[in-house]
Structure formats: structure tokens, C-alpha cells
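Working notes, structure below.
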Amino acid sequence: METRLQLVHEAYRAITKALIEENISITTMESCTAGLIASLITDTEGSSAILRGAYITYSNQAKIKAGVSAEIIKKYGVYSIETARAMASACRHSFDADIGIGVTGSMGNIDPANGDSVPGEIYFAIDFKGAVKSHHIKILPQESRFDYKLAVAAAVAKELTELLF
């Protein structure tokens, strides 16, 4: 029986191969996943042809420095659809990529630095050449931070797969 990690690796291998085959570039701006999605993309040989770069923006300040409007974070909160959309678009534009992925949310605990933190609430968006689709998911309690990240990466892979295939 395959583990969740193996299944997620397989999904990203298929996604990355399709991106390479179609010459579609990609980038990410990740907060709660801390670069796991970009890492999974680079696990496939040849990914340097399509991964333009990636941001790990764990703090609000990092998101703003990477191109997310401070006003969006102030108005909607860092954990919001609007911030995820802004993250996806900012990284796509910054790296001149076809696809930008933005991910923000709280994992297993409340973030004391942000009042809008709700454990297990994740927001992500995929900007494909200016068409942005956003998602709000709830992750059930997990055994570890890595398991939370993997669950989010799996949800993003599902949406990328639907977009590409």
C-alpha cells in the first residue's frame, strides 16, 4: 500500500513532466507549506526548465517584500482568499511564469502574530496566465507539521492536475 507521501510525489512527478512537455513555467509563494510544493516539483529530473524560482514568505513582511500589497493583508488578513490570490499573482509576475501558486494558512496552532489565525484553515490560489482560481480548505488535525504541509501539497496537486489534464 502506498503512503500519502508516495502518492503526493507521484502526483507532482506527473505534473512536472506535463509542465516540461508543454513548456509551461511555474513558481510558488509559500507560507505555511514552507517551500514543500517547490521542493516536490524539483524532485523530477528536468524541472529546472520550468520552475522559475520560488518564495518562502513565512512572515507578513516577507509577503510584502515579495510583492503582496500591505493593504490586502491589512484589509482581509494574511489568512484569506484575497492574500492567497495576491501571492499567486505576485510570484507569477515576479518570475514571469505561466503559473503562480500562493499558499497561506494556519497549521496545527494559532499564530500569535495574526489575529485571523484558525488552525487547519488553508487558503491557496493558482494564477494561470492571469486567470486566478482560489481555494479554501480545512485540514483535520495531523500528527506533525510535515503531515499538515503534505496534506496542503496534496490539495494543491489535485487542483493543478485538474488544470493541466
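The values are calculated or read from the model by the stated rules, or taken from the named source; none is laboratory data. This structure is a prediction, so every number in the text was calculated from the model and none was measured. So basically every Cβ, Gly included, is an ideal-geometry build from the backbone, and we count neighbours across all protein chains shown.
All conditions but one from (1) surrounded by 12 or more Cβ atoms within 10 Å (Cβ to Cβ); (2) farther than 15 Å from C32 by Cα; (3) at pLDDT below 95 apply to G115; the one that does not is (1).
Being assigned to a loop (DSSP other than H, G, I, E, B) and of a type outside the set (A, V, I, L, M) is the filter; apply it to the range 139-160 and report the residue that is surrounded by the most Cβ atoms within 10 Å (Cβ to Cβ).
Here the answer is Q142.
In the set (1) within 20 Å of H136 (Cα to Cα); (2) in a helix (DSSP H, G or I); (3) touching a residue at least 12 places away in the same chain (Cβ under 8 Å); (4) not small (G, A, S), the condition left unmet by H9 is number (1).
The requirement of being closer than 25 Å to A18 by Cα, under 11 Å from the mean Cα position of the chain (by Cα), surrounded by fewer than 19 Cβ atoms within 10 Å (Cβ to Cβ) and of a type in the set (V, I, T) is not satisfied by I101. Residues in the range 101-138 that are assigned to a strand (DSSP E or B) and on the phi < 0 side of the Ramachandran plot: 22 in all. Screening K74 with (1) surrounded by fewer than 17 Cβ atoms within 10 Å (Cβ to Cβ); (2) among the charged types (D, E, K, R); (3) in contact (Cβ under 8 Å) with a residue 40 or more places away in the chain gives one miss only, at (3). Cβ-Cβ below 6 Å, separation at least six or inter-chain, first residue in the range 94-108 and under 10 Å from C32 (Cα atoms), second among the acidic types (D, E) and surrounded by 23 or more Cβ atoms within 10 Å (Cβ to Cβ): which pairs? Every condition considered, the pairs that remain are V103/E30.
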